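Here the structure comes first, spelled out in structure tokens, and everything after it is commentary.
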Amino acid sequence: MASELTLHVTDRGGGRHALMAFDGASVMDFIRDNGLPIKAACGGVGACVSCHVYVAEEWLDKLAPPTAAESVRLADAVAPQDNSRLCCLLRMSAGLDGLAVTLAPGSEPDAG
Ligand code: FES
């Protein structure tokens, strides 16, 4: 049985949410499936930038670095930062229990 993990998400309004997550699915899946507002226009295949999040600094070195393709996408994001990631490409795992992300500009469902 998959172990239960926690994913902390801050929404665009500053609301904080502790979501139940499991090993293997993407951070975007848990945000979307919990009804939080995220556009995720491409459905999670890394082909847009509307699942853009900022990863809390203390978690950055626990993540595999972005691929070249992800970095190219992120360069087109609204207000990219050093801690920007596409959350559909981040897989939850035991080592990421407690991961904290903030939904970034451009991830709103009504974003262009
Ligand atoms: Fe499109 Fe993540 S949902 S890149």
- Query: With point charges of +1 on the Cβ of Lys and Arg and -1 on the Cβ of Asp and Glu, referenced to the Cα centre of the chain, which listed residue (His8, Pro80, Ala41) lies farthest in the positive direction of the dipole?
  - Reply: Ala41
- Task: Leaving out ligands and nucleic acids, note down the accessible area per residue over the chain with a 1.4 angstrom probe, in whole Å².
- Result: 51 Å²
- Percentage of interatomic Cα-Cα distances in region 1-65 larger than 18 Å: 41 percent
- Note on the structure: Scoring the chain by relative contact order with C-alpha pairs under 8 Å, at least six apart, yields a percentage of 39 percent
- Cβ-based net charge around Asp23, under 14 Å, with every Lys or Arg adding one and every Asp or Glu removing one: -2
- Would you kindly state how much longer the chain becomes between Ala47 and Asn83 on full extension, computed as 0.36 nm times their sequence separation minus their alpha carbon distance, in nm to one decimal? 11.1 nm
- Task: Taking the convex hull of the Cα atoms, report for the chain its projected area averaged over all directions, in nm².
- Result: 6.5 nm²
- Within-13-Å neighbourhood charge of Val49 [Cβ basis; K, R +1; D, E -1]: 0
- Accessible-area composition of the chain, carbon plus sulfur, in percent [1.4 Å probe]: 53 percent
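The values are calculated or read from the model by the stated rules, or taken from the named source; none is laboratory data. These numbers were taken from a predicted model, which means no experiment stands behind them. Neighbour counts run over all protein chains shown; Cβ positions are idealised from the backbone, glycine included. The area values use the complete protein model at the heavy-atom level, side chains included, leaving out ligands, DNA and RNA. Shrake-Rupley method; radii C 1.70, N 1.55, O 1.52, S 1.80 Å.
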